[in-house]
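The values are calculated or read from the model by the stated rules, or taken from the named source; none is laboratory data. Just so you know, these numbers come straight off a predicted model, no measurement behind them. Don't worry about glycine lacking a Cβ; one is built from the backbone with ideal geometry, like all the others, and counts go over all protein chains shown. Surface accessibility is based on the protein's heavy atoms, side chains included, excluding ligands, DNA and RNA. Shrake-Rupley method; radii C 1.70, N 1.55, O 1.52, S 1.80 Å.
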Amino acid sequence: MRSTPTRSRVAGAALALVLAGTVGASGSGWHGHDKKHHRDDTRAKNVIFIVGDGMGIAHRELIRLATVGRDAELEMDQMPYHGWAHTDPADPEDVVTDSAAGATAFATGVRSYNGAVGVDVDGKPVTSLLERAKKSGKATGLVTTSQVTDATPASFGSHVADRGDQSEIARQFLEVTQPDVILGGGEDWWYPADEEGAWPDNPPTDPSEQSKGTKGNLVERAKTLGYEYVTDADTLAAAKVREGGKLLGLFANEEMFEHHNEGPDAIYDPSVPLPTMATKALDVLKKDKQGFFLVIEEEGIDEMAHHGNATLMIEAGRALDRTVALARDFAKKEGNTLVVVAGDHETGGLAIENPDDDESGDGEQAEDGPITLYGTDQEFYVDWTTGGHTGAATPATAEGPGAARMRDVRDNTDIHDLVLAAMKLDRGRR
């Protein structure tokens, strides 16, 4: 993800932190299904919070058309409760959010400026869902195909004024919030310059990647704090984490893919697939008798959309939906588990078009395709209007204890409130 510098704050900006009032609508949300399900008001022992970074409604529809077809639904769309959320930040300069402000809204229930990680518009730390879950006795985890210190996981497990301070984010993970499971990419931020980790500096796929940490050897620090460290699929599978143990896995120098436009330099082939990481995290966290709080993020949707790469965006979306399937299966088997799937913002201004409806741009925003409608010989195209984010609202779905509140979601901070209420925690509980 792009690193965004800290925004200057302006007098009175704190007023923007007031939560948007929840609309008491009882409609079925963006998908339009009028489902009648009994409200489940029991406490969520476990929470699986799944973020499709950059995933708007058109992205979900593109993934559906390309992977299951017009007569089927994605796992994330089969969840019974549907809502949608405004995504605008409380930023003095920008109307459109970045991932840091978007994730901070999810994690803390507070809207902030672009680049903010777990802090309000004045740069003051705000308690996150992960921290509240931890203090209530639950195990916690962060899983992503991005750097584990990137904006989304960082906003749940750290507090910094600038999302680019990734080594400080890693240090806070270890010494402050201490998630029980941390799995993803970004090893370069855990080792100081000129000290290679398991993932060598200057790899052929991206020679610019190399160790650049600023807080010493944080992998060794993690080991001294009781984390078992793994670096690939084999060591992850072999890890035997006892109840109460901790697991750190770093599976790439930076993101777990190469994000470019079309061509051989664009690769979506994580060394450890997202469903595999999620499965391991669930196996470790479910041992906690008090339950757990787990954040899972698919970053590839956002990055491939930034570069107008519909084909690899679809592959990232496929991985995300497979992860949603295993989360739903876990919830069905274990019970008392809330599963939430949401996008933090929309990326690319994606439009799905018929072959004759060319409204193409240039370069990376040129028309993309043809893409085959799953199960048919029909084809369609994807158009991109920007290489950045847009201000579009995003869809969200949920099932499990407290999920019925998703029908009332109208702001990204409402999703935070939904999860907090489902765990039967409140803002005053520290």
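Kindly check whether there is at least one residue in the range 232-241 that is open to solvent by less than 10 Å² (accessible area, probe 1.4 Å), at pLDDT 95 or above and on the phi < 0 side of the Ramachandran plot. Yes, the conditions are met somewhere in the range 232-241.
Would you confirm whether any residue within the range 116-135 is touching an Asp or Glu at 6+ places or on another chain (Cβ under 6 Å), open to solvent by less than 10 Å² (accessible area, probe 1.4 Å), within 29 Å of SER271 (Cα to Cα) and in contact (Cβ under 8 Å) with a residue 40 or more places away in the chain? No, because not a single residue in the range 116-135 is touching an Asp or Glu at 6+ places or on another chain (Cβ under 6 Å), open to solvent by less than 10 Å² (accessible area, probe 1.4 Å), within 29 Å of SER271 (Cα to Cα) and in contact (Cβ under 8 Å) with a residue 40 or more places away in the chain.
A single entry from ALA398, ALA327 fulfils the requirement of being in a strand (DSSP E or B), modelled with pLDDT of 95 or more, under 18 Å from GLU73 (Cα atoms) and in contact with a strand residue (DSSP E or B) (Cβ under 6 Å, 6 or more places away or on another chain): ALA398.
Answer yes or no as to whether VAL176 is of a type in the set (A, V, I, L, M, F, W, C), crowded, with 16+ Cβ neighbours inside 10 Å and over 21 Å from ILE267 (Cβ atoms). When the stated conditions are applied, VAL176 does not pass them.
Quick one: which residue in ARG70, ARG64, ARG111 is in a loop (DSSP other than H, G, I, E, B) and within 29 Å of LEU312 (Cα to Cα)? If you could, list the steps in order and put the result at the bottom.
Values: ARG64 fails: in a loop (DSSP other than H, G, I, E, B); ARG111 fails: within 29 Å of LEU312 (Cα to Cα).
Just one listed residue meets the conditions, ARG70.
Taken over the range 76-95, residues that are among the aromatic types (Phe, Trp, Tyr) and either farther than 18 Å from ARG328 by Cα or in a loop (DSSP other than H, G, I, E, B) (or both) amount to 1. State whether one or more residues within the range 139-161 are charged (D, E, K, R) and over 15 Å from the mean Cα position of the chain (by Cα). No, because not a single residue in the range 139-161 is charged (D, E, K, R) and over 15 Å from the mean Cα position of the chain (by Cα). Of all the residues in the range 205-231, those that are of a type in the set (Lys, Arg) and at positive phi number 0.
Is it true that some residue in the range 100-113 is of a type in the set (D, E, K, R), within 21 Å of LEU420 (Cα to Cα), at pLDDT 95 or above and touching an Asp or Glu at 6+ places or on another chain (Cβ under 9 Å)?
yes
Identify, from the list VAL272, VAL284, VAL295, the residue that is part of a strand (DSSP E or B) and either at pLDDT 95 or above or at positive phi (or both).
Values: VAL272 fails: part of a strand (DSSP E or B); VAL284 fails: part of a strand (DSSP E or B).
Checking each option against the conditions leaves just VAL295.
Screening SER167, SER155 for residues that are touching a Lys or Arg at 6+ places or on another chain (Cβ under 8 Å) and assigned to a helix (DSSP H, G or I) leaves exactly one candidate, SER167.
Pairs linking a residue in the range 160-175 that is within 20 Å of LYS246 (Cα to Cα) and in contact (Cβ under 8 Å) with a residue 40 or more places away in the chain to a residue that is open to solvent by 20 Å² or more (accessible area, probe 1.4 Å) and not aliphatic (A, V, I, L, M), with Cβ atoms under 6 Å and 6 or more positions apart or on different chains, are SER167/TRP189; SER167/THR214; SER167/LYS215; ALA170/TRP189; ARG171/LYS215; LEU174/ARG221.
Would you mind finding the one in ASP383, ASP329 that is of a type outside the set (A, V, I, L, M, F, W, C), in contact with a helix residue (DSSP H, G or I) (Cβ under 9 Å, 6 or more places away or on another chain) and free of Cβ contacts under 8 Å to residues at least 40 places away in the same chain?
Numbers: ASP329 fails: in contact with a helix residue (DSSP H, G or I) (Cβ under 9 Å, 6 or more places away or on another chain).
Only one candidate passes the filter, namely ASP383.
Can we say ASP194 is more than 25 Å from GLN178 (Cβ to Cβ), in contact with a Ser or Thr (Cβ under 9 Å, 6 or more places away or on another chain) and among the acidic types (Asp, Glu)? Spell out how you get there, then give the answer.
Values: more than 25 Å from GLN178 (Cβ to Cβ): yes; in contact with a Ser or Thr (Cβ under 9 Å, 6 or more places away or on another chain): yes; among the acidic types (Asp, Glu): yes.
Considered against the rule, which asks whether it is more than 25 Å from GLN178 (Cβ to Cβ), in contact with a Ser or Thr (Cβ under 9 Å, 6 or more places away or on another chain) and among the acidic types (Asp, Glu), ASP194 comes out as yes.
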